[in-house]
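Asker: Attaching a single structure in structure tokens format; questions to follow.
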Amino acid sequence: MNSDTSYLLPVCLGLFAMAAAGVVVLLQLRRQREDPGMGPAAIGNSGDNPYQSPAVLDSMSSADYYRDQSRYSGWMIVLPVTCAIGGTGVGLVSRICRPLIVGPVHYEALVSTAVLFLSALLLVFANRKMTPKLAHLYFQLENFSLWAGYACGWTIVQKSIWDDLVVVVLSISVCVGFVGSLLLLALQRFRRRWNTGSDVAEPMT
């Protein structure tokens, strides 16, 4: 097989993984720009004075909440890039360890698949606080970035195109994306019901 052709697929997979991650980063940055301050502009110098009015105390609680949301948003910007790089790393390690496994069972493939499944589950949990439409969009792009990165890393070490890997990874990523969206939907519905039943509902981000 031509060496140029052999490296065309991993390059494309890597570009797809980084493109998906880049879209999420740009959307996250845009969301932050459209949400000025991510909280009250002035927290105030009330300190720990217990005699503040209820309105001031509510403002302080709101300030604490939005500080937490600001930290959460910062982490969500880093997350998609981590998916692309992490998926590529898992693919590299998996292919490097493949010749070291003797026997009919490829344990390195099972371990790497388990790591990717767990990572996708963490993505569902991480995106649960987003608005429904954005949560599913972010999750799908991050999940695609994760699996495309894995295929990219595996193919780099393989130094050739293995059609079965591409088909399997694509099929698994689609299934994981579907199941992940169902779990994300269930988590968001549970969160809305929990907030509705509480005294002070936490606003969706």
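Residue by residue, here is whether (1) within 21 Å of Gln28 (Cα to Cα); (2) out of contact with any Cys (no Cβ under 9 Å at 6 or more places or on another chain) holds:
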| residue | (1), (2) |
| --- | --- |
| Arg95 | no, yes |
| Leu116 | no, yes |
| Arg128 | yes, yes |
| Thr131 | yes, yes |
| Asn143 | yes, no |
| Tyr150 | no, yes |
| Gln158 | no, yes |
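Asker: Which of the residues belonging to segment 147-163 are under 27 Å from Leu123 (Cα atoms) and among the aliphatic types (A, V, I, L, M)?
Answerer: Once the filter is applied, which keeps residues that are under 27 Å from Leu123 (Cα atoms) and among the aliphatic types (A, V, I, L, M), segment 147-163 yields Ala148, Ala151, Ile156, Val157.
Asker: Is it fair to say Arg30 is exposed (fewer than 14 other Cβ atoms within 10 Å of the Cβ), at pLDDT 75 or above and of a type outside the set (Asp, Glu)?
Answerer: Yes: the conditions hold for Arg30.
Asker: Among Phe190, Phe117, Phe125, which is of a type outside the set (Gly, Ala, Ser) and either crowded, with 18+ Cβ neighbours inside 10 Å or within 14 Å of Ser94 (Cβ to Cβ) (or both)?
Answerer: Phe117
Asker: Continuing with the same structure: Residues that are surrounded by fewer than 22 Cβ atoms within 10 Å (Cβ to Cβ) and part of a helix (DSSP H, G or I): does segment 145-156 have at least one?
Answerer: Looking through segment 145-156, at least one residue is surrounded by fewer than 22 Cβ atoms within 10 Å (Cβ to Cβ) and part of a helix (DSSP H, G or I).
Asker: Hey, any hits in segment 85-92 for a residue that's at pLDDT 90 or above, surrounded by 13 or more Cβ atoms within 10 Å (Cβ to Cβ) and more than 17 Å from the chain's Cα centre (by Cα)?
Answerer: yes
The values are calculated or read from the model by the stated rules, or taken from the named source; none is laboratory data. This is a predicted model, so every value here is computed, not measured. No Cβ is skipped: glycine too gets one built from the backbone with ideal geometry, and neighbour counts run over all protein chains shown.
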